[in-house]
Amino acid sequence: MKKFDKERVLLAVAGPVIALAVAFVLSAIVLVASGKNPVEPFALMFEQAGYSDVQVLILNQASMYYIAALAVAIGFRMNLFNIGVDGQYQLGAMMAAIVGAHASLPAFLQVPLLLLTAVCTGAFWAGIAGVLKVTRGVSEVVATIMLNAIATSLIVYMWKPDVFGVKIGNNSTTGEMHESGWIPGIDLGAAGEIYGLVVLAVLLGIGYWVVLNRTRFGFDLRASGASSSAAAASGVDPKRMVLTAMLLSGAIAGLAGLPILLGDSHTYNLNFPTGIGFLGIGIALLGRNSPVGIVFASLLWAWLDKASPELDFHGYDKEIAVIMQGLIVLSVVVSYEAVREWGLRRQQRRVGAELAAGHVLGANNTTKEVAGR
Amino acid sequence: MTAPTTATDVNQPSLEHAPPTGRRMSWPVLLLVIAGALALTSIVRLVTGADGITNVSQMSTALQLAVPIGLAGLGGLWAERAGVVNIGLEGMMILGTWFGAWAGFQWGPWTGVLVGLIGGCLGGLLHAIVTVTFNVNHIVSGVAINILALGATRYLAPLAFEGHQGGSAKQSPAVESLGHFTVPGLSDWLSELNAKGWFFVSDIAGLLGGLVTNVSWLTLIAVALVPGTWWILWRTPFGLRLRSCGENPVAAESLGVNVYKYKYLAVIISGGLAGLGGVFLSIVANPFYLEGQTSGRGYIGLAAMIFGNWMPGGLAIGAGLFGYTDSLNLRGGSTNVHALLLLGALLLVIGAIWLAIRKKFVQAAITFVVGALVFAWYAGTNEVPSQVVAATPYVVTLVVLALSAQRLRMPKADGMPYRKGQGK
């Protein structure tokens with residue numbers, strides 16, 4: 001495993017590259033079909049990526065995508081589908097905003113308090129699905145979908161003026177947070193400000209890698225994902241693993257909205273970004289659940305988001321970016337599966353040839369894990 | 001994921017007994033339960049004076065809201081009975097709303113219905129190609145289709161609707177109505193009966209009145225599709241083969257069933273039904289397409305299907321429940337919902353007694369305490385926030401799933417990858 005394996009690298013790179021190529025070609029076809037120039041929009045969007053203010057926007061947006069995708073990826077690594085990241089991050093951000101508006105501690109206590117609030121809220125919301133799955137056998141997919149819908153109602157309820165809400169014009173907000181809870185950004189002058197919590201996203205990525213690849217818990221988690229019966233036979237308690245993974249996933253999900261909350265909006269209002277949890281699913285898939293892969297995937301996604309508004313000024317519709325996102329996810333999952341099956345067949349042939357030649361099977365016959373397939 | 005679980009793994013013979021396939025409710029028992037529930041509702045109505053809860057117009061709104069959820073649920077049923085999990089129902093519904101309105105405003109509502117259906121089928125076809133031919137994880141594919149459908153309709157909407165009267169980037173021009181029908185005589189008679197406020201009789205009149213007053217033709221088709229689906233899937237050779245692909249594709253293959261063909265057909269029909277649900281939203285419920293019109297109904301349809309234990313009848317009850325609670329929300333129902341709190345408390349207490357008779361004292365005590373709390377809530381307040389109403393169906397689904405998930409039985413090879421010849 002440790003040895004540098006050219007074939008493995010080739011297989012790992014082939015999937016996303018093929019997928020991206022197919023997605024670009026298909027989007028170009030859509031553009032041609034609607035009577036537009038198929039190349040210019042991409043040129044315009046690439047040009048956008050060169051401007052430093054757009055780069056800052058992309059980085060800020062990517063930080064939230066990254067955290068949400070990590071939350072999804074933890075579940076994927078053990079065959080759990082946490083579709084509820086969307087509700088978890090929104091509730092987490094809202095609770096943090098409410099606590100931030102009502103508690104006023106010095107900054108070195110306030111910020112950890114807010115982070116903790118978001119983590120606990122997210123973990124609690126995901127934990128409901130985890131407990132239901134472990135004790136009652138309810139599918140986490142359905143449970144988290146229901147919890148998303150309940151979270152939406154809960155948020156609207158908490159926006160009511162007699163609960164925690166503060167009306168500002170037509171906008172429902174949770175009131176301005178105390179300034180000690182604001183996290184200063186990295187000021188880049190005219191280009192704008194990078195959210196301070198981008199650092200948190202980086203730390204979470206490192207933490208994710210360390211926990212999954214360098215701890216016993218991470219090993220158990222990956223083992224349960226690969227084969228729950230084999231993991232159970234080697235002494236892993238599958239129920240505890242499900243619950244822990246769900247809690248962990250929810251805890252990270254709770255943080256996904258904080259970069260913008262503590263760095264920019266300082267209140268949870270109607271304009272707060274929604275749907276990041278669902279996008280996180282696509283991003284985690286594209287990044288193959290690897291902490292580095294997800295970086296690229298979330299940057300790609302944020303680029304499509306932030307560079308596309310420019311298209312409106314040149315006679316194109318910016319929605320082509322959303323089509324591209326859908327096409328990318330779809331072609332990514334198809335190409336990963338195709339590449340995986342191709343790799344498997346190749347390996348079987350090689351092992352067969354080695355066996356026929358009388359070699360002893362090497363230890364190197366493990367197959368490539370494919371993300372959240 | 002070295003060796004993903006496949007349809008072969010789950011269908012190995014084992015010494016374990018098969019789990020019970022759910023309590024079989026005979027028709028008389030089921031009717032008794034429904035009558036009992038109605039009687040309880042009637043008592044609550046008389047006690048609280050909230051006449052709205054079984055009003056004719058309330059019931060007809062409930063039916064209208066239940067139809068798209070039920071159609072999405074039927075779509076889910078077809079796909080899952082053939083072993084393909086379809087979480088892309090939402091996306092297929094979105095395609096249905098757009099295609100339906102697009103064809104509807106140009107060539108008349110019935111063309112719209114047909115084209116919307118085809119739009120949903122296209123989504124289903126894509127899902128089938130990705131999951132059946134390429135064997136991609138079903139949930140992943142469904143999520144991708146949801147994203148893609150949203151993007152495609154958002155991209156197409158300005159191209160198709162801008163520049164027409166009443167059309168904009170987010171909304172289509174108006175579509176003509178499909179037409180409604182009211183059963184003459186019967187409808188008026190039932191409304192009169194309903195208005196009298198008699199115990200039980202008026203409530204039944206309200207329920208039936210909702211079914212015969214101002215019903216769209218598409219509603220009629222949707223309602224007919226429930227027994228229709230049951231008949232096709234459980235009473236025809238085609239249905240038996242289709243279901244065998246969801247239970248044990250390897251065995252089906254060994255009997256000469258072309259599993260791929262049946263899976264493709266099932267998923268395409270599934271998409272068509274979801275598309276029809278979308279059409280209902282953009283032609284009947286509203287006379288136009290509006291961005292974000294489905295608002296998660298595809299997911300709710302899926303939940304209704306699981307709630308109904310992968311059976312058409314249960315699914316219809318689930319969809320009805322969602323539709324009814326939705327209608328309470330729409331029709332300024334905070335007093336009505338407040339009345340229903342009493343019903344909930346009563347049901348919980350009855351449940352507690354039932355549990356106590358079956359000697360499950362701990363559960364009985366917990367249920368009783370919850371019931372008492374709900375009653376206290378009822379007694380202590382005059383109104384219920386509308387958000388509580390909005391969340392009610394989801395909470396109910398969660399509770400029902402938590403109580404009965406072990407008794408639910410999904411098709412055995414549901415969501416499993418299958419390759420031709422893998423059982424050899």
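Each reported figure results from applying straightforward, stated rules to the coordinates on display, with no laboratory input. Keep in mind that what you see is a predicted model, and the values were worked out from it rather than measured. Don't worry about glycine lacking a Cβ; one is built from the backbone with ideal geometry, like all the others, and counts go over all protein chains shown.
Taking the alpha-carbon set of the stretch A:170-288, what are its Rg and Dmax in Å?
18.5, 59
Once the principal axes of the Cα atoms of the stretch B:51-316 are found, what is the range along each, listed largest first in whole angstroms?
Result for the stretch B:51-316: principal-axis Cα extents of 61, 48, 26 Å.
Mean-square fluctuation check for chain B, GNM, Cα pairs under 10 Å: which of B:100, B:91, B:380 is largest?
B:380
Can you give me the distance in nm between label points at residue A:312 and residue A:44, each placed 7 Å from the Cα along the Cα-to-Cβ direction?
Computed distance between label sites residue A:312 and residue A:44 equals 1.2 nm.
As I understand it, the value is the acute angle between the Cα axis of helix A:320-356 and the longest principal axis of the Cα atoms of chain A; what does it come to in degrees, rounded to 10?
Here the helix axis deviates by roughly 20 degrees.
Quick test of the membrane-span-like rule: which DSSP H helices of chain B reach at least 20 Å along their long axis (C-alpha atoms) with mean Kyte hydropathy at least -1.0?
Correct list, ordered by number: B:27-48, B:56-81, B:89-107, B:109-128, B:138-161, B:217-235, B:259-279, B:312-330, B:334-357, B:361-380, B:386-404.
Where in the stretch A:1-96 are there trypsin sites (Lys or Arg not before Pro) that are in a DSSP coil and have at most 12 other Cβ atoms within 10 angstrom of their Cβ?
Those that pass, being in a loop and sparsely packed, are A:2, A:3.
FRET efficiency for residue B:365 and residue B:403, Cβ-Cβ distance as r, R0 = 22 Å, nearest 0.05?
Efficiency, from the Cβ-Cβ distance: 0.90.
Could you work out how far helix A:6-33 tilts from the main Cα principal axis of chain A, as a 0 to 90 degree angle to the nearest 10?
Result, in degrees: 60.
Could you list, in their original order, any pairs among B:261/B:412; A:6/A:306; B:170/B:261; A:133/B:359; A:6/B:420 whose Cα atoms are separated by more than 28 Å?
Pairs exceeding 28 Å: A:6/A:306; B:170/B:261; A:6/B:420.
Measuring from label point to label point, each 7 Å out along Cα→Cβ, what is the residue A:17 to residue B:40 span in nm?
6.4
Ratio of alpha-carbon Rg to the 2.2 N^0.38 Å globular estimate for the stretch B:317-370, to two decimals, please.
1.42
Say we join alpha carbon atoms closer than 10 Å with springs in a Gaussian network model of chain A; which of A:203, A:255, A:113 then has the biggest fluctuation?
Result: A:203 has the largest fluctuation of those listed.
Picking from A:217, A:108, A:76, which is most flexible by a Gaussian network model of chain A using Cα springs under 10 Å?
A:108
Sequence-distant or interchain residues sharing an amide H contact under 5 Å with residue A:182, placed H: which?
So residue A:182 has HN proximity to no qualifying residue.
Indicate the gyration tensor shape class of the protein assembly as shown (rounded, prolate or oblate), computed on the Cα atoms with a ≥ b ≥ c the square roots of the eigenvalues: a/c under 1.5 is rounded; otherwise a/b larger than b/c is prolate and the rest oblate.
In terms of gyration-tensor shape, rounded.
Starting from the alpha-carbon convex hull of the stretch A:58-303, give the projected area averaged over all orientations, in nm².
Value for the stretch A:58-303: 13.6 nm².
If you build the Cα gyration tensor of the stretch A:35-115 and take the root of 5 times each eigenvalue, what three semi-axes come out, in whole angstrom, biggest first?
Semi-axis lengths for the stretch A:35-115 are 34, 22, 11 Å.
Just rank A:336, A:89, B:394, fewest to most, by other beta-carbon atoms within 10 angstrom.
Ranking A:336, A:89, B:394 by Cβ neighbours within 10 Å, fewest first, gives B:394, A:336, A:89.
Hey, fewest Cβ within 10 Å first, where do B:175, A:236 land in order?
A:236, B:175
From the phi angles alone, apply the Karplus equation (6.51, -1.76, 1.60; θ = phi - 60°) to the stretch A:122-130 and give each ³J(HN,Hα) in whole Hz, x where the residue is Gly or Pro.
x, 5, 4, 5, 6, x, 4, 5, x
Within the P(r) computed for the stretch A:226-288, what percentage of the Cα pairs occupies the region above 13 Å?
Considering the stretch A:226-288, 74 percent of its Cα-Cα pairs are separated by more than 13 Å.
What angle, in degrees between 0 and 90 and rounded to the nearest 10, separates the Cα long axis of helix A:85-102 from the longest principal axis of the Cα atoms of chain A?
30
Given labels modelled 7 Å from the Cα in the Cβ direction, how far is it in nm from residue A:191 to residue A:264?
With each label point 7 Å from Cα toward Cβ, the separation is 1.6 nm.
Where does each of A:266, A:314 land when they are ranked from fewest to most other beta-carbon atoms within 10 angstrom?
Fewest to most other Cβ atoms nearby, the residues stand as A:314, A:266.
Please identify the longest segment of chain B free of exposed GluC sites (Glu not before Pro), where exposed means a DSSP state other than H, G, I, E or B and no more than 14 other Cβ atoms within 10 Å.
B:177-382
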